Structure formats: structure tokens, C-alpha cells
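S.K.: I am attaching a structure below and will ask some questions about it afterwards.
The values are calculated or read from the model by the stated rules, or taken from the named source; none is laboratory data. Please read all numbers here as calculations on a predicted model, not as lab measurements. For neighbour counting, all protein chains shown are included, and Cβ atoms are generated from backbone atoms with ideal geometry for every residue, glycine included.
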Amino acid sequence: MEYSRMRWLGAIVPGTIAGIFETLRHTYFEKVLGGTLGNIVTFVLVAAVTYLILDRLFDAMEDVGRELARQQRRSALLEERDRIAREMHDGLSQSLFFLNTKLHTVERCLEQQDLEGARREIQDAKDATSQVYTRVRQTIYDLKTAAGDDWRLETALAEYVEDFEEETGIPVHLKLDIAPGGCQDASSVEEAFHLFRIVQEALFNVRRHAGASQVRVLLRLTPEGGCELEVADDGRGFRVEEVMAASAGHFGIRMMQERARLIGAEFSVESSPGRGARIRVHRRGGAPASK
């Protein structure tokens, strides 16, 4: 390995050269390079050789660092794609179970000649099918965005918010306060994916349920590792205790909770009927991610 070889050269070569030069100087060049001049030449020679070796050594270290960063990003990308696939499987399984239940209910309504009840159940099934279609489209988008080494959190959020506004007509006020280098190095790219998916799911729920006229998204990442994410809407709201009590059947909330847990953050939902809703993910600086 280049790095290992250069490290050994840096430890051995300068001293060896100094020893050889001093031996030659005192044996053959005593009259020419004696005294102070010889010491100066020895210092310059050793310094020059040391500089050349260290320059190569630092280049090798930078190459190793860049390759390690690429491998870590690639690993994070592959892990994220696997996670998206699992979430898609879980979400589709839940939706298909719901649709199957609705179709059986429609069948019973028709047997009882309850046409109004059948229409209601069919409408519920149509709404669920539309939601499945939207989620599949989002999953395809997620897989595409998790495919490139040049993925960036700020860019991904801005593009997704723009697409959301175009598709729904709901304005989103996006505010990003990310410390220099935040979520760009290899160690934090997985965290960036989790934050991005939480925003996606929160906006997906706004699209489906909220009836909102506007949404606010705030993301703040501090140099100390602190994280603050809020997604708030002015929609119809809901009773938090009822939703959380039914969270075992609420795939979106489970997904957001799990992703918040994976980055060592606290997850909370605040809402009440007629007063909108707010999703919040919070982690103090220095808190380690939970795996």
C-alpha cells in the first residue's frame, strides 16, 4: 500500500541519508564541507528529502481519505436503497390488506343490497388506490435520488419542495440553516438521508390528509451535531392521542419515528382539530446516533 510504504520511508530514509552524507563528508569532503558549511548542507539535504517524502505521504493519505469517503457514501447509498425497498414493501402490504378488506365489505353490501354503503366503500378503496399510486411514485423518486454519489441534502430538499408545490398548489416555506460542511461528509450522509425521508413523509401526509393552505419546513444543523427539524401546516389538524394510539397501523408515523431513532433524535407530533399539525425531530449537539 502506498501510504504504508511512504510512512516507512519517512521514518528511515532521512536518517539514513544524513548518516551516509556525514560519513562521506568526514571521509572524503572534510576540507570542502567542514564545520558550519557541512552542517548547513546536511540540514538542507535532509530537509529536502524529508519534504519530498512527506509530500508524497500526504498525497497518499488524501487519496486514501477520498477513497474511504467514496466507499462510505456508496455503502450509505446502498443501505438507504435497501431501507426504501423495505418501507415500500411494508407500505404496500398494509395498503393491499386495506383494499382487500374494503372489497370484501363491498361484496357484503351488495349481497345486502346496500348500494349506498357499497358506494362509500368503493370510494374509500379508490382513495386508497390513489394513495398507493402516489406512494409508489414517491418510492421510485426516492430510489433515483439515492442512486448518485453527488446527492446533497440542501439540493434534494429544494427540488422536492418545488415538485410538491407544483403538484399540490400548496406553498412551502423552506428554511435551511446548515453549518458549513453539514451532511456533506461521508460520516453524515446517512443522517441526511433520514432527515430527507422524514420531510418527504411529512409532506406526503399533508398532501393526503391536512387540507392545508401552506406548509413551513425548518431544518437546522449545528457544528456540534445538533439537529432541529420541523414540518408544520395550517390544515385541519387531528387528535394526536388518537393517531398515536393507532400508530401500529399508521405506516407513515412508524417510519418517521424509526428514522428519527436511527439518528439519535426525539420525535414528536403536535396537533389539534382545526389548528394544523407540527412534526418535530430534535437532537442536542453531541448526541450519538442510535443504530
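S.K.: From the residues in segment 190-242 that are surrounded by 18 or more Cβ atoms within 10 Å (Cβ to Cβ) and on the phi > 0 side of the Ramachandran plot, which one is modelled with the highest pLDDT?
M.R.: Only one residue tops the list, namely Gly237.
S.K.: Just need a number here: residues in segment 244-262 that are modelled with pLDDT under 70 and either surrounded by 17 or more Cβ atoms within 10 Å (Cβ to Cβ) or touching a Leu at 6+ places or on another chain (Cβ under 8 Å) (or both).
M.R.: 1
S.K.: Then there's this: Considering only segment 263-291, how many residues are more than 17 Å from the chain's Cα centre (by Cα) and either under 19 Å from Arg216 (Cα atoms) or at pLDDT 90 or above (or both)?
M.R.: Count: 12.
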